[in-house]
Each structure stands twice: as C-alpha cells, then as structure tokens.
Amino acid sequence: MARPAQQPLLKPRPDLIFIGSEKGGVGKSFVTSLCVDLLDVVGVAARIVQIDDQERLPTLYPGRVTTVPTPKLADLRRDPGVIVSTFDPLFSAIEQTVSDKVPTVIDIGGPQQSLVEQYCSLVDLDEELTHAGLNTIWLVPTTAEPESMRGAVRTATAVRRVLPGVTNRLILNLRDGLFHFYPGAPADLLWREQLLPLGKATGAIELPAIAPGSWQPCEAAGQRFLDIIAADVANIQALTGRSRPMAKVLRGDIAAFMAAANHSLGPAIGVDIGGANDH
C-alpha cells in the first residue's frame, strides 16, 4: 500500500509549531518535547506555550513554558468572548516571535483543541499570521488506533478550514504499531479512505517507536531525551533503578531514536543535526 510522501525541508525554519489533535493519548506532549529537544540541539531555545493543565512540560522545561488556563464552561456560557482574553498569552507569545524571531512551540491538549479552533476562527488568526509573515506548521499526531485516526482526520480538516495559510502535517506515531491493517477491516477502511488520502494531500511524517521499555523508566524519572543521551551510565542507573548494562541499553536506544526522529521530523521543523542548518 502506498505511503504518504515524506515532505522536504521547510525553509525558513517554522516560526510557530503547533502540535494538536482532539484525541488524547496520541503523543502530543511527546512530539512537543521531541521538537523542543531537536531545536535545542542546533542551538535554538524555542519558547513553549502549553494549552493544557498537565505538569509534564513545565517540569521538563522550567522557566520556558507559558501555560494557558482552560476557561471554565460557566464563564464561556456567560460570556463567549472570554475565549479571546483566555488566549491572550498565546497571542502575546506570537507577538514575541514576530519581534525576536525565536520560534514558539504550542502544545494543545485534546479537550482544548476545539477551543483553539474557535479562537483561531473568532480572531481570524490566519490573517494575523499571514500579515506578520510567520511561517507556521501544525503537526497532527495519530497512532494506529481507529479513534485516534478519526480524531486526526477531524483535526486536520478543521485546521485547514480555520488556518488555510498554515502548513499541515500528519504525524504517524508508530508507538502502538505500524499502520498496517487486516484488509477490509474498519480500521483498514478508515486508513485507506480517509487518513491515507489526507496524508498524501497535506504530507505525513512517520515517527519511529522507541525500543519497548526503554523510554518509560526515563520518562517516569522526569527526564528529557537530551538529558538521557548526555548522562553518564551511573546517573542513568540512579535515575531509573536499572542495572549498569540496562542503563547503557536505555541510553543507546534513546540516542538511536533521536537520530531516526531527526531524519523524519527534523526537516519539517528546520532541523538538520547532521549538518548546520542556518535559518
């Protein structure tokens, strides 16, 4: 079965990188961390906006994350315009990027996705981004689970409607397995009739899986990808409680994953770790 074509390097490097899908648990924060770490490797300290209430990103990147609180439903019912003031921190970060050219990475929680779409439509954010000359990409992660794929299709379609000037890319997260399905099964039909054509139209990126069992202990210890790659074996042992041989395997697996992710995801965010990318 034909795969969506991998996309060439975007030039210049995106000023804004949105990561969002309406389905939770598809690896949005994982992709956000990966983007931030890949940019850090090439000396670009992106600012981070989190439209979610989780603590993972602020813990991993202290002092670099602006959290946009989710408006209360009662407030939205009383005054629908409250959505605009709620997202003022996001707009402020965008204005900062216009001013200092430092990229902003925006992580959007599943429950907040529809609110962000409403905001983009309400303030005509597409016109603002176009007027400012910002190169913007929206990454839509999905796993091979049917509901995740449906959510990705709905999200990508909505983003194309409210932000027509923004580059859209599907992230095929191979964490839960390949996008190969029993012929004729509901998941296969969903893939062939909806997700695959969408990927061919917008572009799709396959994100490789980390070797099973290698990332979970590091994530549980509150570590970034770069933290583990740069750590000595004894430190990894202390963080994860694993044996010295296993600690070496963990570090090697994560380093291999980062190299593979640089190859697949790096071009979309203007990163080339193997060679200087001066944007």
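Measuring with a 1.4 Å probe in the full set of protein chains, what accessible area per residue, in whole Å², belongs to the chain?
44
Run the simple label-point estimate for Arg78 and Leu122 please: 7 Å along Cα→C-beta, distance reported in nm.
Output for this residue pair reads 1.5 nm.
Rg (Å, one decimal) plus Dmax (Å, integer) for the alpha carbons of the chain?
Over the chain's Cα set, Rg and Dmax evaluate to 18.8, 59 Å.
Taking θ as phi - 60°, what are the ³J(HN,Hα) couplings along the stretch 95-109 by the Karplus curve (6.51, -1.76, 1.60), each to the nearest whole Hz, with x for Gly and Pro?
Whole-Hz 3J(HN,Hα) from phi for the stretch 95-109: 5, 5, 5, 4, 6, 10, 6, 7, x, 10, 9, 10, 9, 10, x.
Check cross-link reach from Lys200 to the lysines: straight Cα distance under 23 Å, and skip same-chain residues fewer than eight apart.
Answer for Lys200, where 23 Å is the Cα cut-off: Lys11, Lys23, Lys28, listed by chain and number.
Using the Karplus curve 6.51 cos²θ - 1.76 cosθ + 1.60 with θ = phi - 60°, work out ³J(HN,Hα) for each residue of the stretch 74-91 in order, rounded to whole Hz, and write x for Gly and Pro.
The phi angles translate into 4, 5, 5, 5, 6, 8, x, x, 4, 4, 5, 5, 4, 8, 4, x, 5, 5 Hz.
List the GluC sites (Glu not before Pro) within the stretch 77-165 that fall in a DSSP loop (any state other than H, G, I, E or B) and whose Cβ has at most 15 other Cβ atoms within 10 Å.
none
What FRET efficiency comes out for Ser243 versus Gln216 if R0 is 25 angstrom and r is the Cβ-Cβ distance? Round to the nearest 0.05.
According to the calculation, E is roughly 0.95.
Lys248: which aspartates and glutamates have alpha carbons under 19 Å from its alpha carbon, excluding same-chain residues fewer than 8 sequence positions away?
Partners within reach: Glu219, Asp227, Asp232.
Using the scaling law 2.2 N^0.38 Å as the reference, what is the normalised Cα Rg of the stretch 168-279?
Ratio of Cα Rg to 2.2 N^0.38 Å: 1.32.
Which percent of the Cα-Cα distances in the stretch 1-154 go past 20 Å?
It works out to 51 percent of all Cα pairs.
Please list the non-local residues whose amide H lies under 5 Å from the amide H of Ala209, H modeled 1.01 Å from N, same-chain partners needing a gap of 5 or more.
Long-range HN contacts for Ala209: Leu174.
For a quick check of understanding: with a 1.4 angstrom probe and all protein chains in place, what accessible area in square angstrom does Lys28 have, to the nearest ten?
20
Could you give each residue of the stretch 129-144 its phi-based ³J(HN,Hα) in whole Hz, using Karplus coefficients 6.51, -1.76, 1.60 with θ = phi - 60°, and x for Gly or Pro?
So the J values, rounded to whole Hz, are 5, 5, 4, 7, x, 7, 7, 10, 10, 10, 9, 10, x, 8, 9, 7.
Mind giving me the FRET efficiency for Gln54 and Ala201? R0 is 41 Å, r the Cβ-Cβ distance, nearest 0.05 is fine.
About 0.85, to the nearest 0.05.
Subtracting the Cα-Cα distance from 0.36 nm times the residue separation, let me have the gained length for Asp40 to Ala230 in nm, one decimal.
Extending this stretch completely gives an extra 67.1 nm.
Where the accessible area of the chain is counted over protein heavy atoms with a 1.4 Å probe, how much of it, in %, is carbon and sulfur?
Here it works out to 54 percent.
Of all the Cα-Cα pairs you can form in the stretch 82-234, what percent are over 28 Å apart?
35
The values are calculated or read from the model by the stated rules, or taken from the named source; none is laboratory data. Just so you know, these numbers come straight off a predicted model, no measurement behind them. All Cβ positions, glycine included, derive from the backbone under ideal geometry; neighbour counts span all protein chains shown. Protein only, heavy atoms only, side chains kept; ligands, DNA and RNA dropped before computing areas. Shrake-Rupley method; radii C 1.70, N 1.55, O 1.52, S 1.80 Å.
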